[in-house]
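Quick notes on the structure that follows.
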């Protein structure tokens, strides 16, 4: 009986990984601005890098905090912050992403809203933590700086901006059609963030030979 059970589990895990890998490989062809992170679970424990964002944010989210998750996409990361936070608001400019998030991840203290990050109305006037993952590269330098200023303005005293952006080698061309401002080094990103925030901490995580993710922690 144990042998049959183990065989079935191994078969299910293998099939799930194939499904997850296939989604990732073909995601670009879906013309979908947001990524469904349920497929990352399917890819199995050997692909764990995507969970760094939730772990990193939860290092700085404190009990009772109000959190704004900007450009929240499918909403899975937003749900990662619920254990400590008093309330978490996810905001995304894609109506389909917000509908998906509300269908799968809404909770009494987790709400999702469709709004433009730069010019839309946010559902919170003051946040202890703002999370902003893999989104800065989608804004022009001018718009990105304006958005960072808007974030700084709503941070409560002692508040933190936590986010990330991929690191791209210089002179390599733009890596996605919807990227508007890619960063080639930690120092380039640091200089950009310091134009708005008084304190910037950076950490780079090498995901694979193609991608390194730069994480940032900013305070006013």
Suppose we filter region 16-60 for residues that are more than 24 Å from residue 162 (Cβ to Cβ) and within 14 Å of the chain's Cα centre (by Cα); how many remain? 0
Go through (1) touching a residue at least 24 places away in the same chain (Cβ under 8 Å); (2) farther than 19 Å from residue 35 by Cα; (3) in contact with a helix residue (DSSP H, G or I) (Cβ under 6 Å, 6 or more places away or on another chain) one by one and return the number of the condition residue 69 breaks. (2)
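For region 36-50, name all the residues that are outside any loop (DSSP other than H, G, I, E, B) and surrounded by fewer than 16 Cβ atoms within 10 Å (Cβ to Cβ). First the steps, then the outcome.
The initial filter retains those residues of region 36-50 that are outside any loop (DSSP other than H, G, I, E, B), namely 38-42, 49-50.
Listed by number, the residues that qualify are 38, 41, 49.
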Is it the case that region 195-208 has a residue that's loosely packed, with under 13 Cβ neighbours inside 10 Å, in contact with a strand residue (DSSP E or B) (Cβ under 8 Å, 6 or more places away or on another chain), at positive phi and part of a strand (DSSP E or B)? no
Looking at region 142-162, can you tell me whether even one residue there is farther than 22 Å from residue 74 by Cβ, out of contact with any helix residue (DSSP H, G or I) (no Cβ under 6 Å at 6 or more places or on another chain) and assigned to a loop (DSSP other than H, G, I, E, B)? no
So, of the residues in region 139-156 that are surrounded by fewer than 19 Cβ atoms within 10 Å (Cβ to Cβ) and touching a residue at least 40 places away in the same chain (Cβ under 8 Å), which turns out to be nearest to residue 218 (Cα to Cα)? 152
Given (1) within 17 Å of the chain's Cα centre (by Cα); (2) surrounded by fewer than 20 Cβ atoms within 10 Å (Cβ to Cβ), number of the condition residue 110 does not satisfy: (2)
Kindly indicate whether any position in region 93-114 is in contact with a helix residue (DSSP H, G or I) (Cβ under 7 Å, 6 or more places away or on another chain) and within 16 Å of residue 163 (Cβ to Cβ). no
Taking into account only those residues within region 123-133 that are touching a strand residue (DSSP E or B) at 6+ places or on another chain (Cβ under 6 Å) and part of a loop (DSSP other than H, G, I, E, B), which is surrounded by the fewest Cβ atoms within 10 Å (Cβ to Cβ)? 126
Across region 182-194, the tally of residues that are within 12 Å of residue 148 (Cβ to Cβ) and surrounded by 13 or more Cβ atoms within 10 Å (Cβ to Cβ) stands at 3
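Look at residue 103 and say whether it is out of contact with any strand residue (DSSP E or B) (no Cβ under 9 Å at 6 or more places or on another chain), modelled with pLDDT of 95 or more, surrounded by fewer than 17 Cβ atoms within 10 Å (Cβ to Cβ) and more than 18 Å from residue 216 (Cα to Cα). Before you say what the answer is, go through the steps one by one.
On the way: out of contact with any strand residue (DSSP E or B) (no Cβ under 9 Å at 6 or more places or on another chain): yes; modelled with pLDDT of 95 or more: yes; surrounded by fewer than 17 Cβ atoms within 10 Å (Cβ to Cβ): yes; more than 18 Å from residue 216 (Cα to Cα): yes.
For residue 103, the condition - out of contact with any strand residue (DSSP E or B) (no Cβ under 9 Å at 6 or more places or on another chain), modelled with pLDDT of 95 or more, surrounded by fewer than 17 Cβ atoms within 10 Å (Cβ to Cβ) and more than 18 Å from residue 216 (Cα to Cα) - is met.
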Report, by residue number, each residue of region 157-171 that is at pLDDT below 95 and surrounded by 15 or more Cβ atoms within 10 Å (Cβ to Cβ). 166, 167, 168
Candidates 66, 85, 97, filtered to the one that is in contact with a strand residue (DSSP E or B) (Cβ under 9 Å, 6 or more places away or on another chain), buried (at least 16 other Cβ atoms within 10 Å of the Cβ) and more than 20 Å from residue 126 (Cβ to Cβ): 97
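The values are calculated or read from the model by the stated rules, or taken from the named source; none is laboratory data. Being a predicted model, the structure only gives us computed values, none of them experimental. Here the Cβ is made from the backbone with ideal geometry for all residues, glycine too, and neighbour counts use every protein chain on show.
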